[in-house]
Amino acid sequence: MMGLISALSIFVLWLSTLIAAFTYVHVATPVGILKYIWLILLIQFLYVGLFITIHDACHGTVAPGKPQINLWLGRIFALMYGGLSFDMLKRKHSHHHGFSGTDADPDFHAPDQASFLAWLTRFFKNYISLKQILLMCGVAQILMHVLNIPEINVLAFWAAPSILSILQLFYFGTYLPHRKSESGAFADQHRTRNFSISYAASWLSCYHFGAHHHTHHLYPAVPWFQLPVILFQNGIKSKVTSTSKKSVF
């Protein structure tokens, strides 16, 4: 039940905040948007939460034991997030868990070419399609020319937070936990790690999926909001490797 409550709460907050930004924020010039940076960041954070909910739906943890609810919430949220195919995401995420850190992993980048930009480029190619881009361009046209939402509002409160959330998810949820460390060693076949930051930073960065990424790979059936406590259950704390706070930031 908590997974479903969490999912619906994030969705309602995301949608209502977006509607409020479209309806009540009036900006005359691009410079005027600076005083609404806080709102852009809030919407970005909710976009991240929307995608984390999609991710949990891939694992069936939004509504445990109710596959059709997971499936359709995942499909609706993926479409709303950025015109994504939930079925494609679920298939590729299954490969990520099954073949983590190998050539068969869609999130993986060859270690000898694992710069941030090269890895990000491959990530985009694997998950972003021309069809999706055209769909979102069409949605933007509807927002601006049918619903008469000012162009600057669409760019600042819809397009920018969405793109920034992708970068945030990639950096904290894929690049940091899966990149090779200075020692080059991972704890096990999952080829990932946890990293040590505060609870608040863990939540704000990637809803705990970055800082507790190894834990997630060990226990994929655990929803995002339970990841911080799972370290202290089942005796797994000693199995989880961490990087220093300095190496993360």
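Please give the calculated 222 nm ellipticity per residue for the chain, where each DSSP H segment of at least 4 residues contributes -39500 (n - 2.57) and the sum is spread over every residue; nearest 500 deg cm²/dmol?
Computed ellipticity for the chain at 222 nm equals -17000 deg cm²/dmol.
Which order results if ASP103, ASP87, ASP56 are arranged by neighbouring Cβ count within 10 Å, fewest first?
Fewest-to-most Cβ neighbours within 10 Å comes out as ASP103, ASP87, ASP56.
When the Debye formula is applied to the Cα atoms of the range 2-248, each taken as the same point scatterer, what base-10 log of I(q)/I(0) results at q = 0.07 Å⁻¹?
Computed log10 I(q)/I(0) values: -0.24.
Where the only charges are on Cβ atoms (+1 Lys, Arg; -1 Asp, Glu), what is the dipole of the chain about its Cα centre, to the nearest 20 debye?
260
Would you kindly state how much longer the chain becomes between VAL139 and ILE163 on full extension, computed as 0.36 nm times their sequence separation minus their alpha carbon distance, in nm to one decimal? If you can, show how the numbers build up before the last one.
Numbers: separation 24, 0.36 × 24 = 8.64 nm, distance 1.49 nm.
Full extension of this stretch gives 7.1 nm more.
State the answer as a single residue: which of LEU8, GLY49, PRO177 lies farthest towards the positive end of the charge dipole of the range 2-248, with beta carbon charges of +1 for Lys and Arg and -1 for Asp and Glu, about the Cα centre.
PRO177
For the chain, take the longest principal axis of its alpha carbons; what is the angle in degrees between that and the long axis of helix 2-24, to the nearest 10 within 0 to 90?
It is inclined by approximately 30 degrees.
Report, in degrees rounded to the nearest 10, the 0 to 90 angle that the Cα long axis of helix 67-82 makes with the longest principal axis of the chain.
60
Placing one identical point scatterer on every Cα of the range 49-104 and ignoring solvent, what is log10 I(q)/I(0) from the Debye formula at q = 0.16 Å⁻¹?
Here log10 of I(q) over I(0) equals -0.45.
Around LEU71, under 14 Å between beta carbons, what's the net of Lys plus Arg minus Asp minus Glu among the other residues? Please list the in-between numbers first.
Details: positive: LYS66, ARG75, LYS90, ARG91; negative: ASP56, ASP87.
Local charge sum for LEU71: +2.
Can you put VAL229, VAL25, VAL31 in order, fewest other beta carbons within 10 Å first?
By the 10 Å Cβ count, ascending, the order reads VAL31, VAL229, VAL25.
With θ set to phi - 60°, apply the Karplus curve 6.51 cos²θ - 1.76 cosθ + 1.60 along the range 221-228 and write out the HN-Hα couplings as whole Hz, x wherever there is a Gly or Pro.
Running phi through 6.51 cos²θ - 1.76 cosθ + 1.60 with θ = phi - 60° gives 8, 8, x, 4, 6, 9, 4, x Hz.
Based only on other Cβ atoms within 10 Å, what is the fewest-to-most ordering of SER129, SER198?
Lowest count first: SER198, SER129.
All other residues with a Cβ under 14 Å from the Cβ of MET88 taken together, and with Lys, Arg as +1 and Asp, Glu as -1, what is their net charge?
Result for the local shell: +4.
Every read-out reported here was derived from the displayed coordinates using simple, explicitly stated rules and does not represent laboratory data. All figures in this text were calculated on a predicted structure; none of them were measured in a lab. Glycine also receives a Cβ, built like all others from the backbone with ideal geometry; neighbour counts cover every protein chain displayed.
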